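Structure, as structure tokens:
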Amino acid sequence: MGIIRFGISLDKELLAPFDRLCKEKKYANRSEAIRDLIRDGLVREEWVGVKGEVTGVITIVYDHHKRELVDTLMSVQHDHQGMIIASQHIHLNHDNCLEVIIVKGASGRTRELFSRLRSAKGVKHGEFVMTTTGKGLK
Ligand code: NI
């Protein structure tokens with residue numbers, strides 16, 4: 001197994017929290033941490049080629065004071081209502097809301113739903129954990 005070295009350019013603002021993460025997670029060095037992040041990203045990308053039905057959980061955190069954003073999030077969900085099994089809204093604090101949306105549907109359509117929610121201006125954080133529908137599991 002060959003090792004290839006390459007340089008990475010990074011903003012200072014990204015490096016400091018990254019170094020903290022390395023320390024917290026007890027990585028021996030930055031290279032170890034970057035290897036893990038790359039592997040993680042590649043596993044996530046595997047889903048891109050997945051066809052057929054998937055189940056997943058979408059979480060988004062946003063500021064509910066942005067009225068336009070709330071309207072956007074609502075109408076995006078109504079556009080995809082056939083694939084939303086359940087959703088829950090939690091008022092995290094004065095400004096922020098957490099929404100958990102459980103979806104089931106064609107992999108491409110569920111990813112499209114997530115992208116539209118995540119990219120809505122004012123959404124501070126978004127995650128999409130895809131899992132199996134269980135049909136193929138023994
Ligand atoms: Ni709320």
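Quick note: the coordinates plus some simple rules give every number you see, no bench work behind them. Values in this document were obtained by computation on a predicted structure and should not be read as measured data. No Cβ is skipped: glycine too gets one built from the backbone with ideal geometry, and neighbour counts run over all protein chains shown.
Apply the Karplus parameterisation 6.51 cos²θ - 1.76 cosθ + 1.60, with θ equal to phi minus 60°, to every residue of region 97-105 and state each ³J(HN,Hα) to the nearest whole Hz, in sequence, with x for glycine and proline.
With coefficients 6.51, -1.76 and 1.60, one gets 10, 10, 10, 10, 10, 9, 10, 8, x Hz.
Can you compute the modelled spin-label distance between LYS23 and LYS135, with each label point 7 Å from Cα toward Cβ, in nm?
4.9 nm
Under 18 Å Cα to Cα from LYS51, which lysines show up? Leave out anything in the same chain fewer than 8 places away.
Excluding near neighbours in sequence, the set is LYS104, LYS135.
Beta carbons within 10 angstrom, averaged per residue: use that to sort the peptides 22-29, 7-14, highest first.
Per-residue mean Cβ counts within 10 Å order the peptides as 22-29, 7-14.
Return the Cα extents of the chain along principal axes one, two and three, sorted largest first, each rounded to a whole Å.
49, 44, 23
Could you name the lysines in cross-link range of LYS12, using Cα to Cα under 29 Å and dropping any fewer than eight places away on the same chain?
List returned: LYS23, LYS25, LYS26, LYS121, LYS124.
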